[in-house]
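Colleague: Below you will find the structure I want to go over with you.
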Amino acid sequence: MFGIDSSELMLIALVALLVIGPKDLPKAMRWVGQWVGKARAMSRHMRSGFDAMMREAEMEEMQKLWAQQNEAIMKATSLPENMLPDLSGPVLAEPSYDPWPVAPPEATVETPPAAEAAPPVKKPRKPRAKKPAATGEAA
């Protein structure tokens with residue numbers, strides 16, 4: 001990333017060990033790691049903002065190009081003035097013409113008359129057996 005070889009990195013680690021000391025070296029490495037993480041996050045944020053600006057600029061250029069192409073297509077495919085319908089009159093809610101000028105053919109097949117329905121037959125009920133009335137005395 002920065003063009004540091006492994007021998008140069010070993011030399012930096014040895015100097016850091018001698019200057020900082022083995023006791024505080026983990027704290028120093030953690031502090032350096034946090035700062036490197038913050039620097040990467042800021043770099044990523046700036047890069048995403050720059051990419052978004054580039055996309056917006058490209059989109060504006062494409063919209064201008066599409067508008068020019070659309071205008072050219074509309075000019076090439078437009079009808080002459082005498083071919084356009086007259087739309088200056090009132091707008092009708094329903095069409096003034098009959099969409100079905102020919103009536104549909106009538107059914108030529110005769111249907112047989114419906115048979116008269118007989119009233120439903122009621123089934124006779126079975127008589128229920130009557131229970132003896134309880135008098136309170138044992139029989």
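None of the figures in this text is laboratory data; all of them are computed from the coordinates on show. Owing to the predicted nature of the structure, the values given are computational and were not obtained by experimental measurement. Quick reminder, even Gly has a Cβ in these numbers, built from the backbone with ideal geometry, and neighbours come from all protein chains shown.
Colleague: Could you sort the peptides 125-131, 35-41 by per-residue average Cβ neighbour count (10 Å cutoff), highest mean leading? Working shown, then result.
Modeller: On the way: 125-131: 5.9, 35-41: 10.0.
Taking the mean over residues of other Cβ atoms within 10 Å, the ranking is 35-41, 125-131.
Colleague: A further question on this structure: Multiply the residue gap between Lys122 and Val19 by 0.36 nm, knock off their C-alpha separation, and tell me the result in nm, one decimal place. All intermediate terms of the calculation are to be shown ahead of the outcome.
Modeller: Numbers: separation 103, 0.36 × 103 = 37.08 nm, distance 11.31 nm.
Separation in residues times 0.36 nm, less the Cα-Cα distance, equals 25.8 nm.
Colleague: Work out the FRET efficiency for Ala67 and Arg47 from their Cβ-Cβ distance, taking R0 = 35 Å, and round it to the nearest 0.05. Spell out each step's value before the answer.
Modeller: On the way: r = 31 Å, r/R0 = 0.87.
The value I calculate is 0.70.
Colleague: What distance in nm separates the two pseudo spin-label positions at Ala129 and Ser6, each 7 Å out from Cα along the beta-carbon direction?
Modeller: It works out to 10.6 nm between the two label points.
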